[in-house]
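Presented below is the structure to which this report refers.
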Amino acid sequence: MLMRGGVRTTEQKVKQVLARMELKLNEEKSRVVDARQGSFDFVGFTFARKINPKTGRVITLVEPSRKSEEQFRDEVREMTSRKSHCVPQQEVMEQVNRYVRGWVNYFHLHNSTRVFTRQRFFLEQRMRKYLRGRRQIKGFGLRSWPASRLYQEFGLVAIPVHAQYRRTRML
């Protein structure tokens, strides 16, 4: 919970509510963090208090955590590894698209522009590497498979690089 004060009383109330539901608060995984001092990770997001360079006001920055980014990359690497060269290309593309669509839908709620830009660049590079390996072609594949061809001809799902800020406002 992100709050300004009254941590102990709130903690007791949470324990009471959980007890009524016959649940228990895991003391090992739960901790109290002062968000003004640093950042913390929760359900795949990193929460941090930063100063907006344009306005000078303090904002709560919520973006996908580094661990979530790495997990995304590892999963895409696994789907497009050498083991997938014997699987029809259309199946691999559908599997990658399904995973990317789900990941984007989960994390496209907050300040994710920087992370999405990194992930989009990685995805394009990885798909070029997959296509080169499948055809046993050397090089980077930038001329053979420009981004427009990846998205139009092969049907790769585009990771949006700009967040829809109307949806991202935390109430």
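Just a few scattered comments:
- Single match in Thr55, Thr9 (criterion: exposed (fewer than 10 other Cβ atoms within 10 Å of the Cβ), of a type outside the set (A, V, I, L, M, F, W, C) and either in the same structural domain as His110 (by TED's automatic domain parsing) or farther than 28 Å from Thr113 by Cα (or both)): Thr9
- Checking Ala48, Ala19 one by one, the residue that is over 29 Å from Val104 (Cβ atoms) and hydrophobic (A, V, I, L, M, F, W, C) is Ala19 and no other.
- Residue in region 36-56 that is farthest from the chain's Cα centre (by Cα), counting only those that are in a loop (DSSP other than H, G, I, E, B) and among the hydroxyl-bearing types (Ser, Thr, Tyr): Thr55
- Checklist (1) more than 30 Å from Arg128 (Cα to Cα); (2) of a type in the set (Ser, Thr, Tyr); (3) assigned to a helix (DSSP H, G or I) applied to Ser30, failing item: (3)
- Exactly one residue out of Leu109, Leu18, Leu23 is exposed (fewer than 11 other Cβ atoms within 10 Å of the Cβ) and more than 21 Å from Arg149 (Cβ to Cβ): that is Leu23.
- One residue stands out in region 124-145 among those that are surrounded by 14 or more Cβ atoms within 10 Å (Cβ to Cβ) and in contact with a Lys or Arg (Cβ under 9 Å, 6 or more places away or on another chain): the one that is modelled with the lowest pLDDT, namely Gly141.
- Residues (in contact with a His (Cβ under 8 Å, 6 or more places away or on another chain) and in contact (Cβ under 8 Å) with a residue 60 or more places away in the chain) located in region 26-71: Phe45, Val62
- One residue from Val161, Val115, Val100 being within 29 Å of Phe47 (Cβ to Cβ), among the aliphatic types (A, V, I, L, M) and surrounded by fewer than 19 Cβ atoms within 10 Å (Cβ to Cβ): Val161
- Filtering region 66-86 for residues that are more than 29 Å from Phe40 (Cβ to Cβ) and of a type in the set (D, E, K, R) leaves a non-empty set.
- Listed by position, the helices (runs of 4 or more DSSP H) contained in region 72-171 that have at least 1 residues being within 27 Å of Val62 (Cβ to Cβ) and either under 16 Å from the mean Cα position of the chain (by Cα) or not assigned by TED's automatic domain parsing to the domain that holds Phe45 (or both) are 89-107, 113-135, 165-168.
The values are calculated or read from the model by the stated rules, or taken from the named source; none is laboratory data. Remember, it's a predicted structure, so these values are computed and weren't measured experimentally. Virtual Cβ from ideal backbone geometry, glycine too; neighbours counted across all protein chains shown.
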